[in-house]
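**Student:** Before anything else, here's the structure in question.
Nothing in this text is a laboratory measurement; each read-out follows from the coordinates by a stated rule. All figures in this text were calculated on a predicted structure; none of them were measured in a lab. Note: ideal-geometry Cβ built from the backbone for every residue, glycine included; neighbour counts use all protein chains shown.
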Amino acid sequence: MDVQGIIDIMAKQTRIYEKLFQLAKEKTEAIKVNDIDTLNRITEQEQVHVAELQRLESERAGQMEKAAGGNGSLTLSELLQKADEKDLLQKTAEELSDILKKLKEANELNQELLYHSLQFIHFSLSLVRPGEPASGYGPEGQHKASGRRQSKPLLNTKV
């Protein structure tokens with residue numbers, strides 16, 4: 001069974017995922033230095049690559065159905081059993097899998113860095129602005145303050 005079309009598509013996907021991995025590494029550095037402009041540029045580039053990946057994935061799925069001969073779609077392992085170019089298909093699939101793992105790790109790191117940045121921002125804001133007043137009502141419908149003490153900001157923003 002000729003699977004060269006599928007191999008070509010998977011190779012193209014691998015190259016695009018490698019570009020996304022490079023962008024993820026750039027994003028990590030941009031997050032570290034709080035460079036919002038670079039983050040916006042990277043996000044725009046990622047969107048272009050993701051759109052291309054979606055197109056390639058549709059094309060690959062069509063090729064897989066074509067290879068199945070009208071019997072649904074084949075999995076990669078089923079295709080490997082029937083393929084003429086088993087070694088090349090296996091190598092291409094492994095390269096794709098490897099870059100996907102690297103990209104996943106880089107994205108998880110970026111997600112964690114962003115989470116910690118947001119936590120720091122929330123902490124900083126809580127030091128600068130006063131806490132929200134706690135409210136509640138007593139048994140007779142009278143307004144009562146909670147037992148918690150209101151935190152005062154470190155910086156008085158009222159002039």
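**Student:** Would you work out which of Ile42, Ala83, Gly62 lies farthest towards the positive end of the dipole of the stretch 4-129, given +1 charges on the beta-carbon of Lys and Arg and -1 on that of Asp and Glu, about the Cα centre?
**Tutor:** The one lying farthest along the dipole's positive direction is Ile42.
**Student:** Counting Lys and Arg as +1 and Asp and Glu as -1, each charge on the Cβ, what is the dipole of the stretch 4-129 about the Cα centre in debye, to the nearest 20?
**Tutor:** Here the stretch 4-129 has a charge dipole of around 220 debye.
**Student:** Applying 1/(1 + (r/R0)^6) with R0 = 25 Å to the Cβ-Cβ distance of Glu108 and Glu57, what FRET efficiency is obtained, to the nearest 0.05?
**Tutor:** 0.70
**Student:** Once you have the Cα-Cα distance between Leu100 and His122, take 0.36 nm times their residue separation minus that, and quote the gain in nm to one decimal.
**Tutor:** Here the answer is 4.7 nm.
**Student:** Moving on. Give me the extension gain from Leu76 to Ala11: residue separation times 0.36 nm, minus the current Cα-Cα distance, reported in nm with one decimal.
**Tutor:** In short, 22.0 nm is gained.
**Student:** While we're here: Over 24 Å between C-alpha atoms is what I'm after, so list which of Lys12/Lys102; Lys32/Lys91; Lys25/Lys86; Lys66/Lys104 land there.
**Tutor:** As for pairs spanning more than 24 Å Cα to Cα, those are Lys32/Lys91; Lys25/Lys86; Lys66/Lys104.
**Student:** Tell me the net charge near Lys91. Cut-off is 11 Å between Cβ atoms, Lys91 excluded, with +1 for each Lys or Arg and -1 for each Asp or Glu.
**Tutor:** Within the 11 Å Cβ shell, the charges total -4.
**Student:** Expressed as a whole number of Å, what is the distance separating the alpha-carbon centroids of the stretch 67-94 and the stretch 1-17?
**Tutor:** 11 Å
**Student:** Please name whichever of Leu20, Ser126, Ser97 sits farthest to the positive end of the charge dipole of the stretch 4-129, dipole taken about the Cα centre and charges placed at Cβ: Lys and Arg +1, Asp and Glu -1.
**Tutor:** Positive-end residue among those listed: Ser126.
**Student:** Rank by packing, highest mean first: peptides 118-124, 61-67, with packing defined as the count of other Cβ atoms within 10 Å averaged across residues.
**Tutor:** Listed from highest to lowest mean packing, they are 61-67, 118-124.
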